[in-house]
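Remarks on the structure that follows.
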Amino acid sequence: MDGYYDGTVFHRVVPNFIAQGGDPTGTGEGDESATGEFFADEFHTRLRFNRRGLVGIVNQGPNTNASQFFFTLGSTPELDKKNTLFGKVVGNTLFNMLKLGEGEIIGEIPVHKHKIIKAEIISNPFD
């Protein structure tokens, strides 16, 4: 997984909703998990998409999770029990993350895409 997200872009932005990235092709068409297979949804009754700065997995339906993820740019309760919530943005990084929702967007595609320079995996659950 080291280096997997390096250089990838946020290819989809819906203001006040989500900024989506994690596709190595940068188009939204690519989506492969670290294991090469989809993995199951994980929901917890106490975890809700109730504010900005939460991190969730993109899917195409139940148990189709792979590499794409999103940051919430506001409260998104419609994603509860549909997408796995697995993290949150903390500290001053939250202010940088909110910039993903700014700028010119045409049909959910940002004209100037923000890029992940480097992602560091602190604890790999697949090891």
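Some points to look at:
- Members of the range 88-127 found to be over 21 Å from ARG51 (Cβ atoms), of a type in the set (A, V, I, L, M, F, W, C) and part of a loop (DSSP other than H, G, I, E, B), listed by number: VAL111, ILE116, ILE117, ALA119, ILE121, ILE122, PHE126
- Residue list for the range 6-22, restricted to those being buried (at least 20 other Cβ atoms within 10 Å of the Cβ), within 16 Å of LEU94 (Cα to Cα) and among the polar types (S, T, N, Q): GLN20
- Every pair of residues 6+ apart whose Cβ atoms lie under 8 Å, when the first sits in the range 36-54 and is under 28 Å from PRO24 (Cα atoms) while the second is of a type in the set (A, V, I, L, M) and assigned to a loop (DSSP other than H, G, I, E, B): PHE38/ALA66; PHE39/ALA66; ARG52/LEU73; GLY53/VAL89; GLY53/VAL90; LEU54/VAL89
Throughout, read-outs are computed from the coordinates displayed, never taken from laboratory work. Quantities reported herein were computed from a predicted structural model and do not represent experimental measurements. All Cβ positions, even for glycine, are placed from backbone atoms using ideal geometry, and neighbour counts span all protein chains on display.
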